[in-house]
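Heads up, the thing below is written out as structure tokens.
The values are calculated or read from the model by the stated rules, or taken from the named source; none is laboratory data. As the structure is a computational prediction, the values presented were derived from the model and not from experiment. Quick reminder, even Gly has a Cβ in these numbers, built from the backbone with ideal geometry, and neighbours come from all protein chains shown. Surface areas here come from the heavy atoms of the whole protein model, side chains and all, with no ligands, DNA or RNA. Shrake-Rupley method; radii C 1.70, N 1.55, O 1.52, S 1.80 Å.
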Amino acid sequence: MDKTTLLEWYRQMVLIRRFEERSDELYQLEGKIKGFLHLYIGQEAVAVGTIAARDPERDHLITAYRDHGHALAVGLEAGAVMAELMGKATGVVGGRGGSMHLASKEKKFWGGYGIVGAHLTLGTGMALAEQYKGSGGVCLCYFGDGATNIGYFHESLNMAGVWGLPIVFICENNKYGMGTAVDRASANPNLADKAKAYNIPAKKIDGMNIVEVYKATQKAIDACRKGKGPQFLEMVTYRYEGHSIGDRTRYRPAGELDKWRDEKDPIATLQKVLLEEYEASEAELVAIDDVVMKEIDDAVTFANESPLPAPETLFDHIYPA
Amino acid sequence: MARLTLREAITEALREEMQRDENVFIMGEEVGAWGGTYAVTKGFLEEFGERRVRDTPISEMVIAGAAVGAAMAGTRPVAEFMTINFAFVAFDAIVNHAAKVSYMFNGQFDCPVVFRAPGGGGKQLGATHSHTPDVIFAHFPGLKVVCPATPYDAKGLLKAAIRDNGPVLFIEPVPLYTSPKVRGDVPDEDYIVPIGEADIKRVGKDVTIITYGEGLHVSLDAAETLAKEGVQAEVVDLRTLQPLDMSLALASFKKTFKAVVVEFGHQTYGIGAEVVAQLQEQAFDYLDAPIKRVAQYDVPAPYSGELEKSALPDAKKVVTAVKEIL
Ligand SMILES: Cc1ncc(C[n+]2csc(CCOP(=O)(O)OP(=O)(O)O)c2C)c(N)n1
Ligand SMILES: [Mg+2]
């Protein structure tokens, strides 16, 4: 890996973290964001590392409602994402979707979806379209550990397996689905095994280590492109915050969060690599942090100053034009 | 007598039914350790234990289906959908199995299952999480569909639902759960509110407002405003959508000759459509004016707050509708 790439990944991960921290404040302190707000803090390496491995011209992305990280990693403007969280007309989907439903056709980012597991079927369809057209694209389909227990998951993996579809199933195993730990909800807590049941090659990856995330994704995408059918990556990661705002995470054993944050944090992990193996300087990293802070400030200003959607637009887009 | 919120009344009904009948148990996502997403079953795990308060995986299909099977096989499950939006995932178990097994097998099988489903919009949760799809479920004979709007009704109807030998979908309007305005008296002693009976919530002579759930409170607000202008609205709370009791609505309409139907679901093919059809069929000679509907506009729920609100019924829209036919 070259240093420039790693610095760019560092920038993206810091951007996501600062974005999430600011969103949290805008929700809890200022009341400017409403509804659900599922933060991505702790999981940054998964979105950034996997998305770095895709071909932006050809590959598709689809994910669940915990989607801010993916939206920023594909390169959506922080201002437009923040405006969406505030329900503004300048938001990435015009204020119609909110936090859970970010999307961008241009980026082949087909959106965040709120019904657990449902979008695995859509992602399977996107891979089907690619196979059908023979255009060589691959679908990266993200979902949580909890989603592996719903029928959608099993039907999608099975069909993708039967038809050899070019899809990488990326399970972001952050240990919990709401308050339910993996081993309380999944008869087999080894989630990669579930893919093996459908004859899909599956790997368990350290989702806090962006270099490993990137390499594994690259291999998986490559296999898809070569016609080897669906691939499965279980990214072992951790959600630092509650499921959504208002969840005080009382179901976590004491010390669990601290352990992950202190020993495994994805940003600190990359920082260490940059400082120790790539001779990056503290000043270099601080400069990046400063640029990101400015970007976040500008994003919030932009969102604050943006107009609400005009009332007469309520009925637009119920059907395609 | 205690003054309870709607949510407290539901909690009490569940607790008392579980204490009364050892065959009643609860299953659903986050109902146990978390205490229920809306805290309806807070403390239940400690009180009743894991056998009777069962956290499930995120698996609506089997939550509903297993509840149907367990009900057929002699228990009385109360299965909770975290919200009614996720009942769509379980639609087949609800309408094809819960609603059919009694009839299809010639009355051999009881199916005493209750599906609890918090519902309603207006909370900026976006298009897939803001449904009021009550009418869809009410379309199927064999499934009783109940939606209380007051703590008294909520407790009595939930008890009736749990004691019913057939399947009941019990819809709980989330916006009413803790609303101080909705707080009301609930007797200490055991009682039920029979499923399939409407109720007059306000007496009046000039116009009949027929509604249920969240619509009741919007309608009562509208009635207050109208009263200040000398118009006395009678407000009928349907309480049960299937089987539908039209007797009170009809009697009221025959007195006022004018009606408005208020519901939070979408207007097209809504509860209002059915109510209007029955009114004109059974009281054609009493029609003095077109019967109006106030409902959610036919548009998915947008996230943005003002936009979302603009699509939902409110007291002002009800007042306007009444004035149009006076
Ligand atoms: C079909 C369905 N059931 C329930 C929910 C409520 N719900 C939203 S997120 C969630 C937990 C999902 O956990 P996981 O898949 O691990 O993703 P994470 O939130 O950890 O990213 C639940 C139960 C839902 N949105 N959809
Ligand atoms: Mg999870």
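Taken as a whole, the structure leaves residue A:112 outside the set of residues that are under 18 Å from residue A:218 (Cα atoms) and either within 14 Å of chain B (Cβ to nearest Cβ) or touching a Lys or Arg at 6+ places or on another chain (Cβ under 9 Å) (or both). Across segment B:49-77, the number of residues qualifying as within 18 Å of residue B:111 (Cα to Cα) and either assigned to a strand (DSSP E or B) or modelled with pLDDT under 95 (or both) comes to 2.
Of the residues B:39, B:64, B:79, B:71, the single one that is of a type in the set (Gly, Ala, Ser), open to solvent by less than 30 Å² (accessible area, probe 1.4 Å) and within 14 Å of chain A (Cβ to nearest Cβ) is B:64. Counting the residues of segment A:56-90 that are assigned to a loop (DSSP other than H, G, I, E, B) and either open to solvent by less than 10 Å² (accessible area, probe 1.4 Å) or free of Cβ contacts under 8 Å to residues at least 40 places away in the same chain (or both) gives 7.
Across segment A:105-114, a minimum of one residue is classified as over 25 Å from residue A:56 (Cβ atoms) and either small (Gly, Ala, Ser) or open to solvent by 20 Å² or more (accessible area, probe 1.4 Å) (or both).
Hey, can you tell me all the residues within segment A:302-321 that are in contact (Cβ under 8 Å) with a residue 12 or more places away in the chain and part of a helix (DSSP H, G or I)? Within segment A:302-321, A:302, A:303, A:304, A:313 qualify.
Looking only at segment B:285-307, count how many residues are within 14 Å of chain A (Cβ to nearest Cβ) and under 21 Å from the mean Cα position of the chain (by Cα). Number of matching residues: 5.
Taking the condition away from every other protein chain (no Cβ under 14 Å) and over 23 Å from residue A:297 (Cα atoms), does residue A:53 pass? Give the steps one after another, and end with the answer.
Numbers: away from every other protein chain (no Cβ under 14 Å): yes; over 23 Å from residue A:297 (Cα atoms): yes.
Answer is yes for this residue.
A Cβ distance below 8 Å, combined with a sequence gap of six or more or placement on separate chains, defines the contacts here; from segment A:135-148, residues that are of a type in the set (Val, Ile, Thr) reach residues that are in a strand (DSSP E or B) and within 16 Å of ligand 2 (Cβ to nearest atom) in the pairs A:148/A:171.
Given the options A:145, A:183, name the one that is within 9 Å of ligand 1 (Cβ to nearest atom), within 14 Å of chain B (Cβ to nearest Cβ) and acidic (Asp, Glu).
Values: A:183 fails: within 9 Å of ligand 1 (Cβ to nearest atom).
So the residue among A:145, A:183 that is within 9 Å of ligand 1 (Cβ to nearest atom), within 14 Å of chain B (Cβ to nearest Cβ) and acidic (Asp, Glu) is A:145.
In the set (1) within 14 Å of chain A (Cβ to nearest Cβ); (2) closer than 29 Å to residue B:298 by Cβ; (3) more than 16 Å from ligand 1 (Cβ to nearest atom); (4) not basic (Lys, Arg), the condition left unmet by residue B:141 is number (1). Of all residues in segment A:147-177, those satisfying the criterion of being within 16 Å of ligand 2 (Cβ to nearest atom), in a helix (DSSP H, G or I) and within 19 Å of residue A:50 (Cβ to Cβ) are A:147, A:148, A:153.
Regarding segment B:280-288, can at least one residue be identified that is buried (at least 21 other Cβ atoms within 10 Å of the Cβ) and touching a helix residue (DSSP H, G or I) at 6+ places or on another chain (Cβ under 8 Å)? Among the residues of segment B:280-288, not one is buried (at least 21 other Cβ atoms within 10 Å of the Cβ) and touching a helix residue (DSSP H, G or I) at 6+ places or on another chain (Cβ under 8 Å), which makes the answer no.
Checking the condition open to solvent by 10 Å² or more (accessible area, probe 1.4 Å) and in contact (Cβ under 8 Å) with a residue 40 or more places away in the chain, which residue from B:129, B:97 passes?
So the residue among B:129, B:97 that is open to solvent by 10 Å² or more (accessible area, probe 1.4 Å) and in contact (Cβ under 8 Å) with a residue 40 or more places away in the chain is B:129.
Looking at segment B:1-33, which of its residues are within 14 Å of chain A (Cβ to nearest Cβ) and closer than 21 Å to residue B:171 by Cβ? Of everything in segment B:1-33, those that are within 14 Å of chain A (Cβ to nearest Cβ) and closer than 21 Å to residue B:171 by Cβ turn out to be B:27, B:28, B:29, B:30, B:31. Candidates are the residues of segment A:150-166 that are open to solvent by 30 Å² or more (accessible area, probe 1.4 Å) and within 14 Å of another protein chain (Cβ to nearest Cβ); the one that is nearest to the chain's Cα centre (by Cα) is A:152.
Conditions (1) at pLDDT below 95; (2) closer than 30 Å to residue A:229 by Cβ; (3) in a loop (DSSP other than H, G, I, E, B), marked per residue:
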| position | (1), (2), (3) |
| --- | --- |
| A:97 | no, no, yes |
| A:107 | no, yes, yes |
| A:111 | no, yes, no |
| A:116 | no, yes, yes |
| A:119 | no, yes, no |
| A:131 | no, yes, no |
| A:140 | no, yes, no |
| A:143 | no, yes, no |
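With the condition kept exactly as written, say whether any residue in segment B:114-127 is of a type in the set (Lys, Arg) and more than 16 Å from ligand 1 (Cβ to nearest atom). The answer is no; no qualifying residue exists. Note on segment B:42-61: residues that are of a type in the set (A, V, I, L, M, F, W, C) and within 14 Å of chain A (Cβ to nearest Cβ) amount to 4.
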